[in-house]
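Enquirer: Provided herewith is a single structure, encoded as C-alpha cells, for subsequent inquiry.
The values are calculated or read from the model by the stated rules, or taken from the named source; none is laboratory data. Just so it is clear, the model here is predicted, and its values are computed rather than measured. Positions of Cβ are backbone-derived with ideal geometry, glycine not excepted, and every protein chain shown enters the neighbour counts.
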Amino acid sequence: MSKSEKAGVSLQRRRLRAGRLLLRGVAQAEVARRVGVTRSTVSDWNEMLNAGGLQSLKRRPRGRPPGLDAAQRRALIARLKDGALAHGFATELWTLSRVGQLIERQFGRLYSESQVWRILMSLGFSCQRPSGRALERNESAIKKWKQQRWPTLKKTLRNKAGSSSSSTNRD
C-alpha cells in the first residue's frame, strides 16, 4: 500500500470514529479534540453524516473515473486494426487526434491528446513514425544527383583570406 493510500485509510478511520461519536451525541468541539481535526471539519462531516449516514463518511475513489471499460477497450483495438480509412479518414495514418475522434464517435468520450496517448500505451500501442519515403523512389537517380548536381549547387567559401564584414579589428 502506498503512502497516500495509507493516509486515505487513516483519514477514513478518523471520519468514521468522528461519525460514531457524533451519533452518540458527543459535541462537535469534543469530537474535533478527540479525533485531532478542526471544528469546521467535524461540522462538514456532521453534515455528510446527517445527509447519508456513516456510509457517506467512507472513502470515495479520487480522480476522474475510468472512461473505457474492458469491452470498450477491446472494441477500440479492433477498430484501430480496421485502419483509419475504414473509419472515414483520408489516409491510413492514425494520429492522436484521429484516435480521439474515433473514441468520441464510437463511445461518446472526449479525451485530450495526452490522455489518448496514455490509453494507447496501456493497450500496448507504441509510436510508429512513417518513413516518409515514396514508393516510386529511384535510388540510382538520387545517388547520381547527390554526386553530380549537389556539389555545383552547394555554396562554398570563396575568399578565405579576406576579412569578415563583422570584424572587430581596427584596420
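Enquirer: Being more than 27 Å from ALA70 (Cβ to Cβ) and either at pLDDT 85 or above or within 45 Å of the chain's Cα centre (by Cα) (or both), is that true of even one residue in segment 98-110?
Expert: No, segment 98-110 contains no residue that is more than 27 Å from ALA70 (Cβ to Cβ) and either at pLDDT 85 or above or within 45 Å of the chain's Cα centre (by Cα) (or both).
Enquirer: With the checklist (1) outside the structural domain of ARG17 (by TED's automatic domain parsing); (2) exposed (fewer than 13 other Cβ atoms within 10 Å of the Cβ); (3) polar (S, T, N, Q) in hand, flag the one item GLN101 doesn't pass.
Expert: (2)
Enquirer: Going through segment 73-94 one residue at a time, which ones are within 20 Å of the chain's Cα centre (by Cα) and either modelled with pLDDT of 95 or more or under 16 Å from SER122 (Cα atoms) (or both)?
Expert: ARG73, ARG74, LEU76, ILE77, LEU80 - these are the residues of segment 73-94 that are within 20 Å of the chain's Cα centre (by Cα) and either modelled with pLDDT of 95 or more or under 16 Å from SER122 (Cα atoms) (or both).
Enquirer: Something else now. Do you know which residues across segment 124-149 are surrounded by 10 or more Cβ atoms within 10 Å (Cβ to Cβ) and hydrophobic (A, V, I, L, M, F, W, C)?
Expert: PHE125, ILE142, TRP145 - these are the residues of segment 124-149 that are surrounded by 10 or more Cβ atoms within 10 Å (Cβ to Cβ) and hydrophobic (A, V, I, L, M, F, W, C).
Enquirer: OK, next. Test each condition in (1) modelled with pLDDT under 90; (2) charged (D, E, K, R); (3) surrounded by 13 or more Cβ atoms within 10 Å (Cβ to Cβ) for ASP69 and report the one that comes out false.
Expert: (3)
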